[in-house]
């Protein structure tokens, strides 16, 4: 069984900030995880969480041991 690593982080991004990504001005989102690591990932990975207020919440990302994306979910 594959052991995935999890990274938790908070994200607060306005709708206008995300719009810059949609318009091609930016391609990645960069955040500091709870453990202090800076991570960057394609903005499309969080597009499903976009609302009129933007993207706000606490998230958990799963990666393979080779740091390949597996999933992301919003935590309560």
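No value in this document is a laboratory result; all are computed from the given coordinates. Since the model is a prediction, treat every value here as computed from it, not as a measurement. Cβ atoms come from the backbone with ideal geometry, glycine included; neighbour counts cover every protein chain shown.
Quick notes on this one:
- Label zone at residue 67, where the point sits 7 Å out along the Cα-to-Cβ direction: the range 28-51 residues whose backbone N lies under 20 Å: 28-46
- Förster radius 30 Å - calculated FRET efficiency between residue 27 and residue 58 (Cβ-Cβ, nearest 0.05): 0.80
- Taking other C-beta atoms within 10 angstrom as a stand-in for reagent exposure, 75, 19 fall in the order 75, 19, fewest first.
- Highest-MSF residue in the chain out of 25, 61, 13 [GNM, Cα springs under 10 Å]: 25
- Radius of gyration, Dmax [the chain; alpha carbons; angstrom]: 12.6, 41
- Sum of -39500 (n - 2.57) over DSSP H runs of 4+, divided by residues of the chain (222 nm, nearest 500): -3000 deg cm²/dmol
- Residues of the range 1-15 with amide N under 15 Å of a point placed 7 Å along Cα→Cβ from residue 34: 5-11
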